[in-house]
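A short write-up of the structure that comes next.
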Amino acid sequence: MASPASPTTPLPAPPHEPTTAHAYLLPILSLLSILILIVPFIFHLRARNTGACALIFYLTLFNLMVFINALLWPDNNFSTWWDGAILCDIEVKIMWPITVGVAASTMAITRSLARVLDVENAELNPSRARKRRRVWVDLGICFAVPLLIVGLHHVVHNRRYLIVAIGGCTDSYSGSWPSILIIWIWPLVFTLVNVYYAALVLTRLHRHRSTISTILTTHSLTASRFLRLLLLSLLLLLLYLPLNIYFFYINLSQPLEPYSWSAVHDPAVWAVIPYVPAKGVFTFDRYVPVAMAGFVFVFFGVGEEARRIYARVAVGC
């Protein structure tokens with residue numbers, strides 16, 4: 001997740017410091033996370049599970065950024081740091097959209113499960129056009145708002161970027177009301193909607209518990225696959241909900257500034273790239289995509305379907 005915005009100023013370089021354990025652990029775990037997501041992605045792509053595919057896409061991007069940043073800026077030795085040009089310009093544009101995309105994709109997964117259990121409005125043989133429409137709706141849920149944030153990002157982006165030890169490229173936004181509407185509110189919005197769909201799934205699951213096998217068969221789902229998707233979505237919700245509430249509270253608790261385009265895009269501020277030492281604040285959230293990738297792998301990287309994919313890969317090699 002993106003760190004809370006703050007008006008950080010350039011800091012003097014600290015004395016030469018040894019590399020911390022995070023600098024070794026994060027690249028290893030993030031690279032491993034990317035690799036273990038490959039088979040679950042293939043599985044969900046074949047099953048046409050749009051929400052799960054989008055979630056894995058976002059987690060892969062997030063872990064790739066964590067991997068690269070921890071390798072490039074592993075310590076507080078500013079004199080040896082690269083200034084991050086181009087790479088950080090790209091990362092700060094997509095960092096918050098990825099955070100929003102993870103929340104949106106998780107919501108899309110839970111929504112699809114609620115639709116499966118919607119017996120009253122079930123379609124036994126949906127047409128091909130209907131199936132395509134569902135895919136487009138899911139794609140819209142997963143990508144529309146993140147792409148909108150990419151387009152509106154510059155409105156509240158008040159500094160080119162910061163570079164934080166281990167965390168790497170970090171974004172910064174003005175503490176004004178447009179930042180609330182464009183940036184900070186969306187992860188919480190999707191997560192709260194996800195809470196609604198999760199409650200709906202559990203309610204319908206209890207209501208139709210005696211006929212659940214028949215309902216799932218109608219949608220070409222096994223009980224095992226449905227249960228794993230449900231447990232994954234609930235687990236990610238339990239992880240993401242407190243984090244999003246916390247970050248929204250932190251950002252909202254700062255005094256709101258009056259918005260000014262000229263102040264937000266001050267050339268003098270834009271020209272300075274602050275280097276920030278690692279103090280623990282910017283590190284823990286980099287483990288969130290690693291943990292999420294681990295959850296996806298546990299539920300969809302070790303099952304029977306996954307083992308068949310591993311076997312095909314082994315035979316192909």
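Observations
- Other residues whose C-beta falls under 12 angstrom from the C-beta of Thr203 contribute a net charge of +2, scoring Lys and Arg +1 and Asp and Glu -1.
- Between Glu120 and Ala263, full extension at 0.36 nm per residue minus the direct alpha carbon distance yields a gain of 46.0 nm.
- Taking the chain and dividing mean pair separation by its residue count, relative contact order in percent (alpha carbons under 8 Å, at least six apart): 31
- On the basis of the beta-carbon distance and an R0 of 41 Å, Thr203 and Val272 show a calculated FRET efficiency of 0.15.
- Charge-dipole axis of the chain as Lys and Arg at +1 and Asp and Glu at -1 on Cβ define it, positive-most pick from Val92, Thr106, Trp261: Thr106
- Label sites at Thr217 and Leu148, each approximated as a point 7 angstrom past Cα along Cα to Cβ, lie 4.2 nm apart.
- Where labels lie 7 Å past Cα in the beta-carbon direction, separation of Tyr246 and Ala47 in nm: 3.0
- When the helices of the chain are scored as -39500 (n - 2.57) per DSSP H run of n ≥ 4 and the total is divided over every residue, the value at 222 nm lands at -21500 deg cm²/dmol.
- Calculated from backbone phi, Karplus (6.51, -1.76, 1.60) coupling profile of region 59-67 in Hz, x at Gly/Pro: 5, 5, 4, 4, 5, 5, 5, 4, 4
- Annotation: amide H of Val276 within the under-5 Å range of Ile163, Val164, Ala165, sequence separation 5 or more or interchain, hydrogens built in the peptide plane.
- For Arg159, the residues 5 or more places off, or on other chains, whose built amide H falls under 5 Å of its own are Ser172.
- What you get for the chain, charging only the Cβ of Lys and Arg (+1) and of Asp and Glu (-1), is a dipole of about 1600 debye around the Cα centre.
- For region 64-91 versus region 249-304, the gap between their alpha-carbon centres in whole angstrom: 14
- Positive dipole terminus of the chain, leading residue within Ser210, Asn49, Ser224 (C-beta point charges): Ser210
Every read-out reported here was derived from the displayed coordinates using simple, explicitly stated rules and does not represent laboratory data. Being a predicted model, the structure only gives us computed values, none of them experimental. Methodologically, a virtual Cβ is constructed for each residue, glycine included, from the backbone with ideal geometry; neighbour enumeration extends over all protein chains shown.
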